[in-house]
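Below is one structure, written out as structure tokens; the observations come after it.
Laboratory data are not the source of any read-out in this text; all were calculated from the coordinates shown. Quick caveat, the model's predicted, so the values are computed rather than measured. Glycine also receives a Cβ, built like all others from the backbone with ideal geometry; neighbour counts cover every protein chain displayed.
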Amino acid sequence: SNAPARADADSCADAGSNAPARAGADSHCTLIDEELLTLLQAAWPATTAVAAPCLTERGVHARCNFFVVSVRSHHGCNETSVRALLPPWIALLAPIAPVRAGSPFDDFRRCVKKQTYKYALPYAALACLLESGDDATDGGGGGGNGDGGGIGDGGSDGGDGGSGGGSGGGTGTERTTGVHGIWLAGLPDECGSADVSALLSSFNVGAASVSFPSCGGFAQLVFESAHAADACARALDGFSWRDSTLIAMHIEEATRKLAVHSRVKTLLRRLSTGRAARSYHNFASAKWHSRNARTVRCVPHGHSSIQDDWRVEGRDDETASPCDAASAPAWMRSHWLVLRFSAREFMSQQVRRMVGVLLYAIGNARDEAAQLALVDGFFCDDLRPTPVAPAECMWLEDVQLTKPSRASARIDVRIDAAKVNEVSDAIRREIVGKSRERLMQFVHALAELAAAPRIGSSDAAAAVNEATRDAALVERVINKTASCALRAHTPVSPPSWRTDLISVDGSDAYLALVTEQTTGGHVWDASRVLLEYLEAKQDELFGGGRARVLELGAGTGWLGMTLAANAAPLLCRVHLTEMEHANALKWLEHNVSANSAAFSTGNSDHLPAEGAQATVERGLQAAADSALRVTVGGCDWNWWAGGASCVAMRARGSADLARERLEKGRWDLVLGADLVYNEGGVAALPRVLRALAQPHTAILYAHTLLRFEHFDDLFFEGLRKAGLEYKQVWPELLAAVPGEDLESDAQPFSELFPETRVVVFRISRAAHINAESRHAGPG
């Protein structure tokens, strides 16, 4: 059984989980996932796993997250005892809700609709922008009572704004040197000058001239004296009025802050969308590339808003920025700007590297066009390492899950809003109190490196190493060289094969056809990774042409049909198999029939000399003039169980014949993707593969490592006992760089809670793999 709980981790130093002032501290921080698993297993040995949709990197805080705890027995496991186990830095935000095994939570990471990270930057780190007085009249910042849904570009023409909470751009505040003015934001909708004047009268702060810029969302108040303006700011800042919280500050401060937000949002927009579709391969950690074959192309949405600023009062920090003016106001040294990044999926270190590039562009160019050019330079096709901003200033703000299609799979999560606010305050105190120094070290290091045309100074390298723990990385950024690479990897080129030719959508059709839930309800990631490998190695795998392909456990049929649709000239037959149980085979037949036009070539150039006519088993129609046959058939792994079951099977006749046809099919390729999800499959699949492993047959199996506890070891042991060898062929294993310690890279997982990842194994009889290339385990 599984018990999902919503929890947070604010990584308080009191628990020994965070020490931001110490270089490399994040590598020693405790992960909430590790902590929960350790605590629960100590209390209840029946606990087998802890899973989360978003696993934060070491040193990164979490305002809230979900966790599914898998236990073999409910005995002794209840909410009261769980709360008693939790350390002070982990808070339970909602009651524990039991869910049934077999629900969408079994593959929790697929349930994420959107995840949002935030990163806090002190204004002192952006002081180079604050010095640009000519830009101070630029607007931006998003008005209204929200922070908007888009990235406002600001500027005098109003920008392009966000979808909520004001225009997201606007004329901004006007230069008011010598004028006692207040900038008032967070105003409720349909608020006018008369309403604001009435509010001022209630506080008896004196009369003011009230004006609303054309973009709306905030007001400018001009008083006759500085005393009156100060009194207004003290009275209205943070005041709750008509269900809105007001923000009041002097116009000079607001003007300079809005200018910073305008520029930051322009750079975030370029980081998020750019001028065209782009790959973020340069924004992932080296270890991520060593474990994943493809780059996440999910475009993150970047945003900032003055309403989200942290205005920390009573702190005159001595840590100045490289560009800080001697007469800088107190707010420049104590206030923080908050960046927000949202996407369905992030690569390891992606947010931190995006922040690093943002700071690098701001620190190395004053002109907006030059800053944008620096950002664009990191989206080149080849390798270009990116600076990694410290982890301590970052936190997971929120996780939104998709709504299950079945009502029985839904759970009612009632989150304690007051507790969430407490957690937010704790994270803010932790970052402000203990993370500023390390971030400013990072900013100083970038500035020092930018001042030198070439990096050769040991002092500069030491400064970078202290701030980023990777001096060579920043050196390569400044020198624009990829030759001394952190870890060479080949960026994934845009695929020439199309993955949208086959449609297997339609949960209603699936539920109407099957008699019970199976694993064939959707396309699994392992199928997509295996297709990438087939495309990348098509010359090697299909070089002779006219290949015969068998897919085991085809499920929806997406993999085999997409292969047939893209590589028809290279194929003779693609045979998709599935079990008959629960009408899984009928669901496969339905999908193949619905998509038959996609892989019916109808091209005479692809026909063999004899002009063979295409057929589709079980009455499925295909083009009569096509050389490629896409067929469907049943396959029960128990056919190879041996012993009495084989005798019983032979009595059936038809099953025995189907098994014999599969064994004598002269397959060039046997494909499978994530077929092991229970103990029966762990035991049966090696026997099936052994029966199909002919000398000329290449067996390719895409497998999600560490998806199910203990199954990996049992499966690989079963392969060895069946006389089979297996070798990882995708992602391609990279040769280690001398002197490089990959494990020192801050990752979102540890050895206790390792990262699941999809790899492709090539499996064959033991005699057909050299001893040097044997793969002894999933590494």
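Going from the residue with the fewest nearby Cβ atoms within 10 Å to the one with the most, 403, 265, 118 rank 403, 118, 265. In a shell of Cβ-Cβ distance under 12 Å around residue 551, excluding residue 551 itself, what net charge do Lys and Arg (+1) and Asp and Glu (-1) give? Neighbour charge sum, excluding residue 551 itself: +1.
Panel order for 64, 393, by other beta carbons found within 10 Å of each beta carbon, from fewest to most: 64, 393.
Close amide H contacts of residue 348 (hydrogens built in the peptide plane, cut-off under 5 Å, sequence separation of 5 or more or a different chain): 285.
Each of 236, 255, 266 was scored by the projection of its Cα onto the charge dipole of the range 225-267, and the greatest displacement toward the positive side belongs to 266; charges sit on the C-beta of Lys, Arg, Asp and Glu. Put in line by how crowded their Cβ is, counting other Cβ atoms within 10 Å and starting with the fewest, 287, 721 read 721, 287. In terms of the mean number of neighbouring beta-carbon atoms within 10 Å, the peptides 179-188, 418-427, 335-344 order highest first as 179-188, 335-344, 418-427.
Contact order for the range 193-248, expressed relative to its length and based on alpha carbon pairs under 8 Å spaced 6+ residues apart, stands at 23 percent.
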